[in-house]
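One structure is given here, and the rest of the page talks about it.
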Amino acid sequence: MAEVQKDVSVRLDADVLDRLQKYSDENACDVNWVIDVALLNFFQSESSFAAQLIHGYLYMADINEEMCDAFSICEQEADKKSCGYFN
């Protein structure tokens, strides 16, 4: 962990606090250490999640373009027919 530490005050749900304290007691570790590790893991998974989303959107862009190309003719034909019904 970082050498510079700062105290912060947070409000935790009673159940979360109980589980945190129980985990710390059962594993003989400091509550602050558990919180540090949990937050670091959260931040890592959060950035990993964002990277996966970006990759997925880029991958889907090609598929969406292919689908647009494939169905644009069909949509144009449907538009021509539907315009004939309303004119």
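The values are calculated or read from the model by the stated rules, or taken from the named source; none is laboratory data. Values in this document were obtained by computation on a predicted structure and should not be read as measured data. All Cβ positions, even for glycine, are placed from backbone atoms using ideal geometry, and neighbour counts span all protein chains on display.
Here are the numbers for the structure shown:
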quantity: Members of segment 30-49 found to be loosely packed, with under 12 Cβ neighbours inside 10 Å, of a type outside the set (A, V, I, L, M, F, W, C) and assigned to a helix (DSSP H, G or I), listed by number; calculated: ASN41, GLN44, SER45, GLU46, SER47, SER48
quantity: So ILE73, is it over 24 Å from the mean Cα position of the chain (by Cα) and of a type outside the set (Lys, Arg); calculated: yes
quantity: Pairs, first at pLDDT below 95 in segment 9-20, second not acidic (Asp, Glu), C-beta under 9 Å, six or more apart; calculated: VAL10/ILE35; LEU12/LEU20
quantity: So ASP62, is it surrounded by 10 or more Cβ atoms within 10 Å (Cβ to Cβ) and either assigned to a helix (DSSP H, G or I) or within 26 Å of the chain's Cα centre (by Cα) (or both); calculated: no
quantity: Residues that are surrounded by fewer than 10 Cβ atoms within 10 Å (Cβ to Cβ), under 29 Å from the mean Cα position of the chain (by Cα) and of a type outside the set (A, V, I, L, M), drawn from segment 1-29; calculated: GLN5, LYS6, ASP7, SER9, ARG11, ASP13, ASP15
quantity: Tally of residues being surrounded by fewer than 10 Cβ atoms within 10 Å (Cβ to Cβ) and of a type outside the set (Lys, Arg) across segment 78-87; calculated: 5
